[in-house]
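Everything on this sheet refers to the single structure shown next.
The values are calculated or read from the model by the stated rules, or taken from the named source; none is laboratory data. Nothing here was measured: the structure is a model prediction, and the numbers come from that model. For neighbour counting, all protein chains shown are included, and Cβ atoms are generated from backbone atoms with ideal geometry for every residue, glycine included. Please note that ligands, DNA and RNA were not included when accessible areas were found on the heavy atoms of the full protein model with its side chains. Shrake-Rupley method; radii C 1.70, N 1.55, O 1.52, S 1.80 Å.
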Amino acid sequence: MRGMTFLTINSGSTSVKLAAFVGVNAARAPELLQRESLSATPDQAREVIEGFLERHRLRPIKAVAHRVVLGGTRFQSAVRIDAAVVDALTELC
């Protein structure tokens, strides 16, 4: 049985690391489908992500996790992204 496909993104200043996983349920670790590390600047991230999804035919993606390294003093552990978090991170830029 195929589960939910999700994408992880780690976007840096000169690279984007992408991985796609499928998870069947919370009792089992997700299975890695594809992984790539590509040279790219932040303004190229969308193009790189779209290319990754196209190359590996990874649609539909049901969830995305993105690593944000510098969250200031407010974000020191993992948080679920919502409008308030986006606003707070925008203020840091």
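Points to keep in mind about this one:
- Per atom type, region 9-49 shows carbon and sulfur on 49% of its accessible surface, probed at 1.4 Å.
- Pair-distance profile P(r), taking every C-alpha pair of the chain, with 5 angstrom steps and integer %: 3, 11, 21, 20, 20, 15, 8, 2, 0
- Heavy atoms of Ser39: accessible area, 1.4 Å probe, square angstrom to 10: 110 Å²
- Per residue, the chain exposes 75 Å² of solvent-accessible protein surface, assessed with a 1.4 angstrom probe and all protein chains in place.
- 0 to 90° range, to nearest 10: angle between helix 83-92 axis and the chain longest Cα axis: 50 degrees
- Mean projected area of the Cα convex hull of region 24-71, taken over all directions, amounts to 4.9 nm².
- Summed over qualifying helices (DSSP H, 4 residues or more, each -39500 (n - 2.57)) and divided by its residue number, the chain shows a 222 nm mean residue ellipticity of -6500 deg cm²/dmol.
- Positive-end extreme of charge dipole, region 37-93 - chosen from Thr90, Ser39, Ala65 (charges on Cβ): Ala65
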